[in-house]
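Note sheet for the following structure.
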Amino acid sequence: MDYQPPAEQAAPPWRVFDMAPTLVLGIGNILLKDEGVGVHVVQALHNAETPPGVELYDGGTFGIDLIDTIAGRKRVIVVDAVQADKPPATVLRFTDKELRIADCGLRIETEAPGRAGGFYPHACVGLDPQFAIRNSQSLSLHQVGLLETLLMARQLGCAPEEVVIFGIVPKDMSPGLELSEEVAAVVPKVVELVLAELRR
């Protein structure tokens with residue numbers, strides 16, 4: 001039988017993702033106790049009633065690999081452990097507009113009382129500098145990969161329209177699967193804060 005070449009096919013189209021407009025992204029390493037609090041919060045949210053159009057996602061420690069996950073979203077809510085000059089289990093809220101990464105470092109800037117502020121020598125990207133630093137707390141996202149992901153998304157023109165970050169100050173980041181007692185106790189509070197943000 002003579003060989004019959006396959007029929008010519010059109011080039012495959014770009015993948016179209018049927019993504020929810022809002023993403024709740026838990027980040028962290030669950031093998032290091034409180035560092036995995038973001039993942040624990042997202043797991044708890046699976047047992048809550050979230051509004052339509054919301055996806056819950058365990059981002060683990062994927063970092064820059066999350067760009068496809070956040071690209072094109074209307075809103076992304078990130079839950080992560082942060083280092084801050086605050087007592088363990090303190091919950092902080094800030095937005096991407098309060099992030100400014102200049103040529104020599106990252107600033108988390110805010111004018112609001114009780115919000116986080118500080119300077120961090122990482123990466124480079126220009127964001128809105130309108131916020132004034134009101135304190136010098138040494139807060140930093142332990143997942144610098146998140147910042148790299150937001151930077152790359154902006155450069156590619158697919159950044160989320162809005163990013164809200166809930167940061168929880170850890171007490172214990174030694175090896176282990178369980179959260180510290182203090183941080184575990186605030187997980188329900190963070191769940192309620194995220195739900196309130198989703199209903200906003």
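Of the residues making up segment 174-200, those that are crowded, with 18+ Cβ neighbours inside 10 Å, under 19 Å from Ile30 (Cα atoms) and touching a strand residue (DSSP E or B) at 6+ places or on another chain (Cβ under 8 Å) are Val183, Val186, Val190.
Condition first: within 19 Å of Thr50 (Cβ to Cβ) and touching a Pro at 6+ places or on another chain (Cβ under 9 Å). Now tell me which residues in segment 162-200 satisfy that. Give the steps one after another, and end with the answer.
Filtering segment 162-200 down to residues within 19 Å of Thr50 (Cβ to Cβ) leaves 162-166, 187-200.
Answer for segment 162-200, where residues must be within 19 Å of Thr50 (Cβ to Cβ) and touching a Pro at 6+ places or on another chain (Cβ under 9 Å): Leu195, Leu198, Arg199.
Please determine whether any residue of segment 185-198 is part of a loop (DSSP other than H, G, I, E, B) and modelled with pLDDT of 85 or more. Checking segment 185-198: not a single residue is part of a loop (DSSP other than H, G, I, E, B) and modelled with pLDDT of 85 or more. Within segment 36-65, being among the β-branched types (Val, Ile, Thr) and assigned to a helix (DSSP H, G or I) holds for Val37, Val39, Val41, Val42, Ile64.
Can you tell me how many residues in segment 167-182 are of a type outside the set (Gly, Ala, Ser) and in a strand (DSSP E or B)? Even if it seems obvious, please write down each step before you answer.
In the first step, residues of segment 167-182 are kept if they are of a type outside the set (Gly, Ala, Ser); the result is 168-173, 175, 177-179, 181-182.
Now narrow it down to the ones that are in a strand (DSSP E or B): 168.
Total meeting the criteria: 1.
With respect to the conditions (1) assigned to a loop (DSSP other than H, G, I, E, B); (2) at pLDDT 95 or above, Ala123 lacks only one, and its number is (2). Filtering segment 66-87 to residues that are farther than 16 Å from Thr22 by Cβ and either of a type in the set (S, T, N, Q) or part of a loop (DSSP other than H, G, I, E, B) (or both) leaves Gln83, Ala84, Asp85, Lys86, Pro87.
Looking across segment 72-90 at every residue that is surrounded by fewer than 19 Cβ atoms within 10 Å (Cβ to Cβ) and either within 11 Å of the chain's Cα centre (by Cα) or not charged (D, E, K, R) (or both), the one that is nearest to Pro160 (Cα to Cα) is identified as Gly72.
The residues in segment 66-90 that are in contact with a Leu (Cβ under 9 Å, 6 or more places away or on another chain) and within 20 Å of Ser174 (Cα to Cα) can be counted, and the count is 8.
The values are calculated or read from the model by the stated rules, or taken from the named source; none is laboratory data. Quick caveat, the model's predicted, so the values are computed rather than measured. Counting neighbours? That spans all protein chains shown, and the Cβs are built from the backbone with ideal geometry, glycine included.
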